[in-house]
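A short worksheet on the structure shown next.
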Amino acid sequence: MTDHQPLNDTVALVTGASSGIGEATAELLASLGAKVALVARRADRLQALAEKIGDGALVIEADVGDREAAFGAVQRTVSELGRLDTLVNNAGVMLLGPIQDAPLDEWETMLRVNVHGLLYCAYAALPHLLKAAEDSPRGVADVVNISSVAGRVARVGSGVYNLTKHGVGAFSESLRQEVTQRHVRVSLVEPGAVATELAGHNRPEILDNIRQRFGSVERLEAPDIADAIAFIVTRPRHVAINELLVRPTEQRD
């Protein structure tokens, strides 16, 4: 923890905080002075993270793909931590494979978490973020939506994942235009290959393909993306980082 804590007196809500990018982001934002609501389905992992962070960490067990759970997570954050200055919409799933004969439940899961979950959290958080931009010493609030390289380039074998992440990009830009003059910044972070649990939920044959594609690439680590998010939300009030693509140096596409 540094002496300079640019997020003092602010509150952040991070979805998908039980592992990977969400976990690393929550820990880093807390080190910068923020109180952090940790939102995910795995309460045991969240509790371990909260103990590591210490004071100011709030554990909220919730599936953001459920509307009431997402709304409840935002409300608990504001009720128990007092406000909301930063929303990091990180929760997501990546289930790849051919479109033909795909398991439809995989598509529905990606739409529920990657799209509906992000929309529910943004919708519920927006009034609080607008208020924070008006009354906080920083005079600004942030929505950071985690997309992917897949939100820029469509590839064979990731059609519905591409759909969800392109949708996140389109929504983010529209929301940005709507609220930017009220000093709520909307940012899109698009990671390339990151060494997290994200790919691990794929079917075995899909996992083999992923390993072949990225086996020789030195992948990013979760703290690399957390660092990018922290950079975005600690900019001065007049600076907005609207889109940030972060690839491993060795990743070509």
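Provide the descending list of Cα extents for region 115-185 along its principal axes, expressed in whole angstroms.
47, 19, 17
Given a cut-off of under 8 Å on Cα pairs at least six residues apart, what relative contact order in percent is computed for the chain?
The value is 19 percent.
Compare the Cα positions of Pro204, Gly72, Leu58 along the charge dipole of the chain (+1 at Cβ of Lys, Arg; -1 at Cβ of Asp, Glu; about the Cα centre) and return the one farthest towards the positive end.
Gly72
List Lys35, Lys52 from most exposed to least, where exposure is judged by having the fewest other Cβ atoms within 10 Å.
Lys52, Lys35
Equivalent-ellipsoid semi-axes (√(5λ), Cα gyration tensor) for region 101-149, whole Å, largest first?
Rounded to whole Å, the semi-axes are 33, 11, 4.
Go ahead and run the numbers for FRET between Ala195 and Asp105, Cβ-Cβ distance against an R0 of 25 Å, rounding to 0.05.
Between Ala195 and Asp105 the formula returns 0.40.
Cα axis of helix 20-31 to longest principal axis of the chain: angle in degrees, 0 to 90, nearest 10?
With rounding to tens, the tilt is 20 degrees.
Once you place label points 7 Å from the Cα toward the Cβ at Gln177 and Tyr123, how far apart are they in nm?
In this crude label model, Gln177 to Tyr123 measures out at 2.1 nm.
Counting each DSSP H run of 4 or more residues in the chain as -39500 (n - 2.57), what helix-only mean residue ellipticity at 222 nm follows after dividing by all residues, to the nearest 500 deg cm²/dmol?
Rounded to the nearest 500, it is -13500 deg cm²/dmol.
Can you grab the distance from the C-alpha centre of region 1-62 to the C-alpha centre of region 144-192, Å, no decimals?
For region 1-62 versus region 144-192, the Cα centre distance is 23 Å.
So between Arg252 and Ser31, what do we pick up on full extension, going 0.36 nm a residue minus the alpha carbon distance?
Extra length available between Arg252 and Ser31 comes to 76.2 nm.
Among the lysines, which fall within straight-line cross-link reach of Lys52, defined as a Cα-Cα distance under 20 Å, with same-chain neighbours fewer than 8 residues apart omitted?
Lys52 reaches Lys35.
Helix 67-81: angle to the longest alpha-carbon principal axis of the chain, degrees 0 to 90, nearest 10?
30 degrees
Cα atoms only, region 37-151: Rg and Dmax in Å?
Final numbers for Rg and Dmax: 15.7, 54 Å.
Name the residue farthest towards the positive end of the dipole of the chain from the options Leu175, Thr86, Met110, assuming +1 on Cβ of Lys and Arg, -1 on Cβ of Asp and Glu, about the Cα centre.
Value computed over the given set: Leu175.
Can you check how the C-alpha radius of gyration of region 1-64 compares to 2.2 N^0.38 Å, as a plain ratio?
The value comes to 1.01.
When only alpha-carbon atoms are used, what values of Rg and Dmax, in angstrom, describe the chain?
Rg then Dmax for the chain, in Å: 17.3, 55.
Taken together, the values in this text are just the output of simple stated rules run on the coordinates, not laboratory data. On a predicted model such as this, the values are computed, not experimentally measured, just so you know. Neighbour counts are summed over all protein chains in view; Cβ atoms, including those assigned to glycine, are modelled from backbone coordinates with ideal geometry.
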